[in-house]
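Here's the structure, in structure tokens; my notes come after.
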Amino acid sequence: MRKRTFLTALGVLAFTPLLVVWALIGQGRAGESAALPTRMVLPSLTPSSTATASPTPSNTPTATRTPTLTATPTATATALPTLTPTLSARVLEISAVMPGVYVPPRPTNFPFGTILLSAPPQPIEPLPDATHEPPPYSGWYSFESDHPFVQYSTPWQARQVVAASRGQYHRSENVQSTVTFPFEGEGLRIRYVAARNMGLFDVIVDGAVIDMVDAYAPELRFPGTQVYFVGPGAHTLTLRSAGRKNNASEGYVVGLDAIQVFRGTANTLIIPPPAESATPTPQPRPAAGVELVAAPPTLQPTATPAAPGLLTVSVVIAYDENGNRAVDPAEGVAGISVRVVEVGTNRVISQAFTDAQGFAQLQVVTSAQARAVVPYFGRVWEIPRGRGGGQVAFTLLLQPGNQPGLIP
């Protein structure tokens, strides 16, 4: 009985693995998508134990779906180039003209006591003679035509005339002859000779022609040019004939009476206003093929009378007792009548008498051509006609031999 029981148990144990394998194959066929769990034996983490690899019992290889690893992009830090910071500035300058907008003036950094002028002041004759005073010169000074610094390329003729500056002037009929004069100053004015045979001459400063003067006049007189601003520093003046003349002139003669120079003091600063240049406006081109057949009558210009202006006339009358061709103290003639009359009508506009220094000043408001007259000595000066009036000065220097015994 015991032997039969032992054999039965042994048979059961022998068929048990076959049953297990059969069951597993059936499950694989029923669902091949199912993955069997894998058994892994990890070594012991205990230091005293010895890790022994135990084989995993596997009866039959089973198809197992193995997961595929997909590469995942990993962000990698890339080193950027080092940038050096720089500082840049963009400057935009805009100039705009806004009519009607007033900008109040701001204080400047000029030293205290600085005198600002827009142009050299007008000279009031008689001016100090540079021949009799040593440099440096300040203000207006007169360099006569016989001054040592006045150089003539060819000899000019000297003429003695009472009405000239210091009673003398120089003239030349050679159109190739020139006058050269070095000077230092900011202002310049030429006193020249005007007559019936005088031509045109150029005023040249530092090699540049700054003016052309027409020296023609119906009678002999000694006017002055405008005041030229030449800038501070040393300059060179050159006078030469332009080779041209007025249609009414009889020749090309050039005459020099005196050269007047203005030099400011250390506290004087001349800043001329900025010159405005006219911007050309493009003109429309006429249409081709257009012919003007008729048009309104052309209006003829009509003469507009000049507006009257304030005219200031200064006259100095003196005896040249010491013969130095200058007005010295105690040489003035007092009580001499000086008049301003209209040309053509000879109507007296204003009259005055010289004081103890021989000085008289008249102010008239007129638009007509006028002249200054000293009836007692028979002296007449033509007053230049300017727009809006002006200021002129004349000097009557009497020779000692012409001194009358009694002056009324």
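Of all residues in the stretch 337-355, which are among the small types (G, A, S) and either more than 15 Å from F394 (Cβ to Cβ) or over 48 Å from the mean Cα position of the chain (by Cα) (or both)?
S337, G344, listed by residue number.
When you look at G332, is it of a type outside the set (S, T, Y), surrounded by fewer than 20 Cβ atoms within 10 Å (Cβ to Cβ) and modelled with pLDDT under 80, yes or no?
No; evaluated as a whole, the condition is false for this residue.
Sort out which residues of the stretch 364-375 are surrounded by 15 or more Cβ atoms within 10 Å (Cβ to Cβ) and not hydrophobic (A, V, I, L, M, F, W, C), and write them in order of number.
T366, S367, R371
For residues in the stretch 344-397 being β-branched (V, I, T) and touching a Pro at 6+ places or on another chain (Cβ under 7 Å), which is nearest to A334 (Cα to Cα)?
This residue is T395.
In the stretch 181-196, how many residues are more than 30 Å from the chain's Cα centre (by Cα) and either outside the structural domain of P232 (by TED's automatic domain parsing) or surrounded by fewer than 16 Cβ atoms within 10 Å (Cβ to Cβ) (or both)?
Of the residues in that region, 1 qualify.
Which of the numbered conditions does L237 fail, given that it passes all the others? Conditions: (1) among the aliphatic types (A, V, I, L, M); (2) in a loop (DSSP other than H, G, I, E, B); (3) under 14 Å from I259 (Cα atoms).
(2)
Mind listing whichever residues of the stretch 317-345 are under 19 Å from A163 (Cβ atoms) and of a type in the set (S, T, Y)?
Scanning the stretch 317-345 gives Y319, S337.
Looking at the stretch 354-387 only, could you name the residues that are modelled with pLDDT of 85 or more and basic (K, R)?
R371, R379
Within the stretch 205-219, count every residue that is in contact (Cβ under 8 Å) with a residue 24 or more places away in the chain and crowded, with 17+ Cβ neighbours inside 10 Å.
Of the residues in that region, 4 qualify.
The values are calculated or read from the model by the stated rules, or taken from the named source; none is laboratory data. The model shown is predicted, which means the values in this text are computed figures rather than measured ones. So basically every Cβ, Gly included, is an ideal-geometry build from the backbone, and we count neighbours across all protein chains shown.
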